[in-house]
Structures are given as structure tokens and as C-alpha cells.
Amino acid sequence: MHNYRNYLPEELAADPSFRSWVIFKNPADAVIWAEWLEQNPDKRQLVSQAKDFLLATEGAFDQVSDEEVANEIYRLSHAIGAKTARRSFIKLKFRPNWYHMAASVLLLLFAGWWLNEKVSDKQSDQYKVILSKIEVPLVEEKNETNKAKLVVLEDGSSVLLQPDSRITYPSRFDDNKREVFLNGEAFFEVAKDPDKPFYVYAHTLATKVLGTSFKVSAFDGDKEVKVVVKTGKVSVFPMTKEAIANQHADDKLGGMVLTPNQQIVFAPKELRLTRSLVPNPKLLELPIQRQSFEFKGTPIADVFAALEKSYGVKIVFDEALMKDCYLTASLSDEPLFEKMSLICKTIGAEYEQLDASIIINSKGCL
């Protein structure tokens with residue numbers, strides 16, 4: 001059975017076996033997942049979250065037409081080129097693994113639908129409500145210069161505040177959480193404190209972390225709100241009364257979880273929430289040694305595993321179909337997407353990016 005331990009809830013919800021079990025009550029898949037839960041009892045919460053997400057998504061699917069799905073696939077694929085985008089949708093209808101990509105698109109469509117349903121709770125009102133509950137004096141820092149300004153919080157966290165940006169925060173964090181309010185753009189390096197989650201409230205989105213580094217961009221007006229992760233994990237959720245209450249009640253990360261080299265962009269005008277890889281994914285800072293990219297007759301599954309480990313990026317491919325694919329190549333300082341282009345050219349495959357994952361299209365190797 002596939003190793004699902006490192007899956008996110010939305011990734012598990014997109015898995016065909018999981019969907020067959022939850023949606024279609026397939027007896028064979030029910031046995032498989034019962035055995036997996038016995039072997040992985042610590043992942044019961046992951047399965048529960050994936051079930052909830054999948055059932056809600058399936059309910060929303062009836063509200064989405066085939067044309068909307070096609071348009072969404074084209075829009076997401078367009079980031080890697082118009083010709084590829086058109087070809088991707090044509091292939092999607094006939095490729096055996098179409099459901100994996102379609103499910104990912106559906107998850108994004110549902111995320112946008114969910115935000116649309118909840119947007120009646122005005123984010124600005126929630127912003128004011130949270131501020132009003134803070135009893136200690138508030139500090140406001142503005143950056144009216146043309147250079148980044150460093151702000152150090154009392155817990156040791158640092159904020160690199162960009163020009164034309166403003167941050168408001170308590171003079172001390174007395175409660176069981178740390179909350180700051182951002183207008184503009186800033187890079188955060190949050191001091192680790194699992195008992196005191198760190199929240200950044202920025203217009204339409206809120207970000208929750210336990211200790212990591214990330215960037216938030218949220219200027220006034222109808223501009224996009226963006227969260228980009230450098231290290232660790234963050235969760236992103238809408239600034240609604242219900243979502244905020246749920247996050248405050250749980251000290252764990254919920255909502256849509258981002259890992260390094262991933263970003264979320266919320267477009268207020270279209271009420272569209274999109275998760276993707278950053279334009280130029282960086283190597284993770286591995287604690288022991290720098291990952292080697294010297295491959296000599298290496299099975300392609302091992303090549304992709306090395307890239308996943310080094311960049312924290314999910315690579316989806318048909319392992320059985322590509323079992324006879326091997327790579328001999330020396331890759332070094334090329335950006336991730338250049339590495340992927342070289343690998344795919346060598347083994348006669350293609351790749352595309354969808355929902356912060358890289359999807360490999362291949363007919364196998366002789």
C-alpha cells in the first residue's frame with residue numbers, strides 16, 4: 001500500500017482509493033483503509049479531516065458545471081504555457097490518472113466556493129473584534145521609508161516590514177496566543193512556542209503558525225493577498241467568525257496547510273483561493289548534508305524521491321507504469337523546474353504543476 005503518512009488532508013482526499021472508500025463505500029478499499037488505520041493509529045485525525053474535506057467537496061461538486069471544471073483546469077495549467085494548458089485538458093479526459101488531477105482542481109474550486117459562502121461575515125469587522133479583545137497596550141509600527149524595517153517582538157520573533165506597510169501588535173503576549181495585524185507586506189521569522197500559536201491577520205486571510213518563517217502580502221484595496229512559506233508549516237484560513245473560533249479552539253494547525261516552497265494567493269474580486277508552488281522553489285536547508293543530484297542508472301522513483309526530499313515538493317507519477325525508467329545525469333545548481341525539464345526530456349516524459357504538486361505524464365520506458 002502507498003505510504004500516506006506524509007499526506008496533507010486535501011491530498012489524501014484526492015487519492016482514488018480513499019475516495020472509493022469514503023464516497024462509494026467500496027468493500028475492498030474499506031478493508032485496505034481499516035488495516036492502514038490499525039498500522040497507523042496516530043493518523044486517525046488526518047483521515048477524519050480528509051473525510052470531512054472530501055464529503056464537503058463532493059457536496060459542492062454538484063454546483064460546479066463541467067465547463068467550470070474545464071475552465072479551472074485551463075486557468076491553473078496556463079501558468080506553464082498556453083499550448084501546454086490546452087493539451088493538458090485534452091489528455092486529462094483519457095489518461096488513466098485523470099481523477100487525481102481533477103480531484104485537485106475540484107478541491108480548489110471548493111475552496112473558492114467555501115470562501116464565497118462565508119464572505120458575508122465582513123473580514124474588517126472580525127479584524128476589529130479581535131483587536132477589541134486585546135487588553136494590553138497596542139504598538140503600531142509603520143514603515144514610511146523606501147527600505148525594509150526590522151521589528152522585533154517581545155517573544156523574540158522578528159518582522160521585516162516592507163515600505164508602505166504597517167503592523168500592529170500587543171506590547172506583550174499575555175494570552176495563550178500571539179496575534180499581530182498586518183497591512184502591507186512583511187517577512188516573519190516566528191520564535192517557536194507550541195503552547196502559544198502565532199497569528200497574522202491580514203485583510204481577508206489569517207495565517208497561523210507555531211514557529212517558522214514566511215511572507216504575507218496584503219495591501220489595502222482589491223489587490224491579492226498572498227502567503228509564501230520559506231520554512232516549517234503554516235495554516236491559512238479566511239477571516240470569518242467561524243473559522244477564527246475553530247482555529248483559536250485548537251492548538252494544532254488546521255485550515256489549508258502550506259509547507260516550504262508553497263504559496264496561497266487569494267484574489268478578492270474573483271473570490272478565488274489558489275495554492276501553488278512558488279515560481280522558483282529553493283532547496284530546503286537539510287540538517288545533515290546537502291542533497292546530491294548525481295544519478296547513475298537510478299530508478300526514476302528514487303530520483304523523484306530525492307527531489308521531493310530536497311525541495312519539499314510532492315511529485316505525482318504512475319510508479320508501476322514508469323518502473324522501467326532510469327536516469328543517468330548530473331544535476332547541480334539548476335532551479336527545480338529546469339531539473340524537471342532535463343529529467344523529463346531524458347526519459348521521454350512531460351510535467352505540469354497543479355495545486356502545489358508536480359504531475360508527471362509518461363507512457364513508460366522501454
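The values are calculated or read from the model by the stated rules, or taken from the named source; none is laboratory data. Nothing here was measured: the structure is a model prediction, and the numbers come from that model. Backbone-built Cβ (ideal geometry, glycine too); neighbour counts: all protein chains shown.
Which residue pairs have Cβ atoms closer than 6 Å, lie 6 or more positions apart in sequence or on different chains, and pair a first residue in region 135-159 that is in the same structural domain as K230 (by TED's automatic domain parsing) and under 21 Å from S217 (Cβ atoms) with a second residue that is part of a strand (DSSP E or B) and of a type in the set (K, R)?
Hits for this filter: K142/R166; N143/K149.
Being in contact with a Gly (Cβ under 9 Å, 6 or more places away or on another chain), under 15 Å from N176 (Cβ atoms) and outside any loop (DSSP other than H, G, I, E, B) is the filter here, so list the residues in region 186-208 that pass it.
If the condition is that a residue be in contact with a Gly (Cβ under 9 Å, 6 or more places away or on another chain), under 15 Å from N176 (Cβ atoms) and outside any loop (DSSP other than H, G, I, E, B), then F198, K208 are the ones that fit.
Which one of N183, N176, N146 is part of a strand (DSSP E or B) and surrounded by fewer than 22 Cβ atoms within 10 Å (Cβ to Cβ)? Steps first, answer last, please.
Values: N176 fails: part of a strand (DSSP E or B); N146 fails: part of a strand (DSSP E or B).
It is N183.
Out of (1) of a type in the set (D, E); (2) out of contact with any Gly (no Cβ under 7 Å at 6 or more places or on another chain); (3) within 17 Å of D220 (Cα to Cα), the odd one out for D164 is which?
Checking D164 against (1) of a type in the set (D, E); (2) out of contact with any Gly (no Cβ under 7 Å at 6 or more places or on another chain); (3) within 17 Å of D220 (Cα to Cα), the one that fails is (2).
Considering D175, D164, which residue is at pLDDT below 90 and either assigned by TED's automatic domain parsing to the domain that holds V227 or within 19 Å of I130 (Cα to Cα) (or both)?
D175 is the lone residue from the list that is at pLDDT below 90 and either assigned by TED's automatic domain parsing to the domain that holds V227 or within 19 Å of I130 (Cα to Cα) (or both).
Take the residues in region 239-254 that are in contact with a helix residue (DSSP H, G or I) (Cβ under 7 Å, 6 or more places away or on another chain), part of a loop (DSSP other than H, G, I, E, B) and not hydrophobic (A, V, I, L, M, F, W, C); name whichever of them is nearest to V313 (Cα to Cα).
Residue satisfying both the conditions and the ranking: G254.
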